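Encoded as C-alpha cells, the structure appears first; notes follow it.
The values are calculated or read from the model by the stated rules, or taken from the named source; none is laboratory data. None of the values given here were measured: they were computed from a predicted structure. Methodologically, a virtual Cβ is constructed for each residue, glycine included, from the backbone with ideal geometry; neighbour enumeration extends over all protein chains shown. When the accessible area is computed, the model is the full protein with side chains, heavy atoms only, and any ligands, DNA or RNA have been set aside. Shrake-Rupley method; radii C 1.70, N 1.55, O 1.52, S 1.80 Å.
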Amino acid sequence: MKTSQKMRPFPFCNALLILSFFVAFFPPAISGIDESCKAGDGSQSCVSKSKPAKNKKKHVYTYPDFLTVSSQFPARDMGSCDPDVAYMKGCRPKKADCTEKIVDHFSHHGIGNALITTYSRRAAGIFDRGCKPKLVDENVKNVNKYGKSEDGTLFQLLSHVKVPEHVVNGSDMKCSIYTLTQPRKEARIIIDKLKDEWRDASDEILVKAGGMPQERKRGEKAPVPARPLVGVHIRTGWADETNRRFKGWDALGTCADYLDVYFSGTAGNRRLGPAGRGVRDGKNNLSLELLIADTVAASDEAFGENNYVVYVASDAPAVKRYIKDFYASEGSKVHVILHEGIMGHNAGKLSDKLQRTKEENLEVGRNSIVDLIMLSEATLLVHLSSKFPDAASHRNQCGQRTVKLRGHPRHGLDDVGSILERAFDRDSGLEPIGKDWVPNLDEKALNKLAELLPKGRLHECFEDVTPSRSCMCFFKLSHV
C-alpha cells in the first residue's frame with residue numbers, strides 16, 4: 001500500500017511573482033468603474049462597465065418608461081458608431097445630376113412636425129425620381145401669422161441647411177431627414193463646437209479610466225466621442241408664452257425679491273431653482289424634478305456612473321440651468337452641455353410687442369437646427385410629447401433608446417398666462433404699470449391659479465403678503 005506524498009510548501013517567491021502579475025495586468029478599478037482598458041488603448045477599444053456602488057440605495061422609478069432603457073449598454077459599442085459612416089452604409093446615398101425645386105410654405109406647426117409631415121414627404125417623390133429636392137419656404141397667404149423672409153420672421157429651412165447633395169430612398173424617413181438636414185456653415189460651426197465639448201468630456205472620462213483618447217489629426221475628421229450622449233428635450237411653452245404675452249411677464253420685473261424664497265437646496269455653489277416643481281403637468285403627474293431623477297438613474301444603470309455626457313435642449317433657460325445644477329447636487333461628475341442662445345418656436349410670426357432684428361430671428365431657427373442634430377446623435381433621448389424630438393429620433397443613424405413621457409407643461413403655463421394677461425389689460429387701463437407690478441387678482445382668479453400650482457393653496461406663494469405677484473413670480477423664475 002502506497003503512502004500519500006506530503007504536500008510541499010508553496011515557495012514565497014512564487015506567490016510574490018503571481019501577485020505582481022495580477023497587479024500589473026488587472027489594476028484595481030476606480031470609483032465604481034470596472035476597467036478593462038490599458039494605457040495606450042484607443043477610445044474605440046477602451047471600455048468601462050459600471051459596478052454598483054456599495055450601500056447605494058436602489059432608485060425607485062416614478063415613470064416605468066425608464067425601466068426599458070436602463071439595461072446595461074454594451075460597453076464595446078460606446079464611441080464606436082460614426083453617424084456619417086452609418087448613413088453611407090445604411091442609406092446608400094447616390095449622386096444626382098438633376099435638382100427639382102418646390103416653393104411652398106412647409107412649416108406651419110414647427111420644424112419637427114414639418115420634417116415628418118411635409119418636408120420629407122414632398123421630397124420623397126423627387127428622391128425617387130433620382131433628383132435632389134430644393135424645398136424653398138415662401139409665405140404669401142398669411143404674412144401676419146407666419147411672417148416673411150425679408151425680416152427673418154418666416155422660418156426657411158434652407159437658411160440653415162444645405163440643398164441635399166445626394167439621393168436616397170424617399171420612403172425611408174431616417175435617410176430622408178438626415179439628408180435634408182445637413183447644416184450650413186453657420187450652424188455647423190456651432191455644432192462642431194458642441195461636439196468638441198462632448199469629445200473633450202468623453203476623453204476626460206477615458207483618461208480617468210486608464211485609457212488613451214484617439215489622436216486628432218490635422219485635416220482629418222475628428223474622431224467619434226468615446227462616451228455616449230444622453231439627450232434631454234423639455235418643451236415648456238415658455239417661448240410661445242413670452243411671445244404672446246410679453247408685456248405682462250415683463251411687467252413683473254426680474255422677481256429678484258423672491259429668489260431667496262424659491263431657490264433652495266445646493267448644487268455646488270448654486271442653489272436649485274424652482275423649475276423642478278414649476279415645470280409640470282398635474283393631469284399626467286409629471287414634474288421636471290421627478291423626470292430628471294429618473295433620467296440620472298436610468299443613465300447610470302445603462303452606461304455606468306459618470307460614464308456619459310448630457311446635452312439639454314429646452315425653450316426655457318431655467319430648465320437648462322436646473323438640470324445642470326441637479327446633476328451637481330447629486331454629487332455627479334457628469335458633464336452637462338448647454339447651448340446658450342435665443343430660443344423660440346420657429347413657426348409663427350413674433351408678436352408686435354416683441355421686436356427682434358433679422359439676425360436674431362435667424363438665430364432662433366439656427367438654434368432649432370443645432371438642437372435637432374445634437375439630440376439626433378444621443379444614444380439615449382428623454383423627452384415629453386413633441387414632434388421635435390420625434391424628428392430627432394428619425395434622424396438618428398446609430399440606434400437610439402428613447403423615453404417619451406406623456407405630458408404638456410405648456411398647457412398649464414398657457415392657463416397661467418391667460419390669468420396674467422387679463423390682469424395686465426385691466427390694470428394697465430386704470431393707471432400706468434410701474435416697476436415690480438402686483439397683478440390685481442380677484443378670489444376666483446386666485447383659486448384658478450392655485451389649481452395650477454403644486455400643492456394648490458398650500459404652496460408657499462400664498463403665504464406672501466401679495467400672493468398674486470409671488471405666485472406669478474414662481475412661474476416666471478421656473479422658466480426664465
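Identify all residues within the stretch 73-97 that are in contact with a Lys or Arg (Cβ under 7 Å, 6 or more places away or on another chain) and assigned to a loop (DSSP other than H, G, I, E, B); write none if there are none. It would help to see each step written out before you state the result.
Taking the stretch 73-97 as the starting set, the residues that turn out to be in contact with a Lys or Arg (Cβ under 7 Å, 6 or more places away or on another chain) are 75, 78-79, 96.
If the condition is that a residue be in contact with a Lys or Arg (Cβ under 7 Å, 6 or more places away or on another chain) and assigned to a loop (DSSP other than H, G, I, E, B), then Met78, Gly79, Ala96 are the ones that fit.
Restricting to the stretch 311-327, name every residue that is hydrophobic (A, V, I, L, M, F, W, C), over 12 Å from the mean Cα position of the chain (by Cα) and over 19 Å from Leu380 (Cα atoms). Break it down stepwise before answering.
Filtering the stretch 311-327 for residues hydrophobic (A, V, I, L, M, F, W, C) gives 312-313, 316, 318-319, 323, 326.
Within this subset, residues satisfying the condition of being over 12 Å from the mean Cα position of the chain (by Cα) are 318, 326.
Across the stretch 311-327, the qualifying residue is only Ala318.
Within the stretch 126-135, can you find the residues that are in contact (Cβ under 8 Å) with a residue 40 or more places away in the chain and either over 23 Å from Lys387 (Cα atoms) or open to solvent by 30 Å² or more (accessible area, probe 1.4 Å) (or both)?
Quick first cut of the stretch 126-135, residues in contact (Cβ under 8 Å) with a residue 40 or more places away in the chain only: 126-128, 133, 135.
Those that are in contact (Cβ under 8 Å) with a residue 40 or more places away in the chain and either over 23 Å from Lys387 (Cα atoms) or open to solvent by 30 Å² or more (accessible area, probe 1.4 Å) (or both): Ile126, Phe127, Asp128.
I need the helices (runs of 4 or more DSSP H) fully contained in the stretch 194-298, keeping only those with at least 3 residues that are surrounded by fewer than 19 Cβ atoms within 10 Å (Cβ to Cβ). Outline the logic, then answer.
Details: elements: 238-244, 246-251, 259-262, 275-278.
Because the criterion is at least 3 residues that are surrounded by fewer than 19 Cβ atoms within 10 Å (Cβ to Cβ), the helices (runs of 4 or more DSSP H) in the stretch 194-298 that meet it are 246-251, 259-262.
Condition test on Val416, is it buried (at least 21 other Cβ atoms within 10 Å of the Cβ) and of a type in the set (A, V, I, L, M)? It would help to see each step written out before you state the result.
Details: buried (at least 21 other Cβ atoms within 10 Å of the Cβ): yes; of a type in the set (A, V, I, L, M): yes.
So Val416 passes the test.
Given Cys471, Cys398, which one is within 30 Å of Thr179 (Cβ to Cβ), among the hydrophobic types (A, V, I, L, M, F, W, C), in contact with a Cys (Cβ under 7 Å, 6 or more places away or on another chain) and at pLDDT 95 or above?
Every option except Cys398 fails the conditions.
State which residue pairs qualify: first residue under 17 Å from Leu252 (Cβ atoms) and of a type in the set (Lys, Arg) and inside the stretch 445-468, second residue open to solvent by 30 Å² or more (accessible area, probe 1.4 Å) and at pLDDT below 95 in any location, beta carbons under 6 Å apart, and separation of 6 or more residues or different chains.
none
Taking the options Asp436, Asp415, Asp425, Asp464, name whichever one is among the charged types (D, E, K, R), closer than 26 Å to Leu272 by Cα and at pLDDT below 95.
Numbers: Asp415 fails: at pLDDT below 95; Asp425 fails: closer than 26 Å to Leu272 by Cα; Asp464 fails: at pLDDT below 95.
From the options Asp436, Asp415, Asp425, Asp464, the qualifying one is Asp436.
Rundown of residues vs (1) open to solvent by less than 30 Å² (accessible area, probe 1.4 Å); (2) within 27 Å of Val224 (Cα to Cα); (3) in contact with a Lys or Arg (Cβ under 7 Å, 6 or more places away or on another chain); (4) at pLDDT below 95, yes/no style:
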{"position": "Lys101", "(1), (2), (3), (4)": "no, no, yes, no"}
{"position": "Ala124", "(1), (2), (3), (4)": "yes, no, no, no"}
{"position": "Asp137", "(1), (2), (3), (4)": "yes, no, no, yes"}
{"position": "Val143", "(1), (2), (3), (4)": "no, no, no, yes"}
{"position": "Lys148", "(1), (2), (3), (4)": "no, no, no, yes"}
{"position": "Gly152", "(1), (2), (3), (4)": "yes, no, yes, yes"}
{"position": "Lys162", "(1), (2), (3), (4)": "no, yes, yes, no"}
{"position": "Tyr178", "(1), (2), (3), (4)": "yes, yes, yes, no"}
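Please state which one of Asp436, Asp427 is farther than 27 Å from Ser287 by Cα and surrounded by 16 or more Cβ atoms within 10 Å (Cβ to Cβ). Quick ask: steps written out before the conclusion?
Working: Asp436 fails: surrounded by 16 or more Cβ atoms within 10 Å (Cβ to Cβ).
Selected residue: Asp427, the only one of Asp436, Asp427 that is farther than 27 Å from Ser287 by Cα and surrounded by 16 or more Cβ atoms within 10 Å (Cβ to Cβ).
Restricting the search to the stretch 401-413, which residues are touching a Gly at 6+ places or on another chain (Cβ under 9 Å) and surrounded by 20 or more Cβ atoms within 10 Å (Cβ to Cβ)?
Selection gives Pro409, Arg410, Gly412, Leu413.
Just one of (1) on the phi > 0 side of the Ramachandran plot; (2) surrounded by 15 or more Cβ atoms within 10 Å (Cβ to Cβ); (3) out of contact with any His (no Cβ under 8 Å at 6 or more places or on another chain) trips up Gly110, so point out which.
(3)
Can you tell me how many residues within the stretch 366-392 are more than 12 Å from the chain's Cα centre (by Cα), surrounded by 21 or more Cβ atoms within 10 Å (Cβ to Cβ) and either small (Gly, Ala, Ser) or on the phi > 0 side of the Ramachandran plot (or both)?
1
Restricting the search to the stretch 193-220, which residues are free of Cβ contacts under 8 Å to residues at least 12 places away in the same chain and of a type in the set (D, E, K, R)?
Here is the first cut: in the stretch 193-220, the ones free of Cβ contacts under 8 Å to residues at least 12 places away in the same chain are 193, 200, 207, 215-220.
Selection gives Lys193, Asp200, Glu215, Arg216, Lys217, Arg218, Glu220.
In the list Gly170, Gly125, which residue meets the criterion of being more than 23 Å from Met343 (Cα to Cα), in a helix (DSSP H, G or I) and of a type outside the set (Val, Ile, Thr)?
Working: Gly170 fails: in a helix (DSSP H, G or I).
Among Gly170, Gly125, only Gly125 is more than 23 Å from Met343 (Cα to Cα), in a helix (DSSP H, G or I) and of a type outside the set (Val, Ile, Thr).
So for the stretch 278-298 (the condition being touching a Leu at 6+ places or on another chain (Cβ under 7 Å), small (Gly, Ala, Ser) and touching a residue at least 40 places away in the same chain (Cβ under 8 Å)), does at least one residue qualify? If you could, list the steps in order and put the result at the bottom.
Here is the first cut: in the stretch 278-298, the ones touching a Leu at 6+ places or on another chain (Cβ under 7 Å) are 279-280, 286, 291.
Adding the requirement that they be small (Gly, Ala, Ser) leaves none.
No; the residues of the stretch 278-298 include none that is touching a Leu at 6+ places or on another chain (Cβ under 7 Å), small (Gly, Ala, Ser) and touching a residue at least 40 places away in the same chain (Cβ under 8 Å).
State which residue pairs qualify: first residue more than 17 Å from Gly211 (Cβ to Cβ) and inside the stretch 73-94, second residue exposed (fewer than 15 other Cβ atoms within 10 Å of the Cβ) and of a type outside the set (Gly, Ala, Ser) in any location, beta carbons under 6 Å apart, and separation of 6 or more residues or different chains.
Close Cβ pairs satisfying both conditions: none exist.
Among the residues of the stretch 452-459, is there at least one that is basic (Lys, Arg) and modelled with pLDDT of 95 or more?
Initially, the stretch 452-459 is screened for residues basic (Lys, Arg), giving 455, 457.
Restricting the remaining residues to those that are modelled with pLDDT of 95 or more gives 457.
Yes: the stretch 452-459 contains one or more residues that are basic (Lys, Arg) and modelled with pLDDT of 95 or more.
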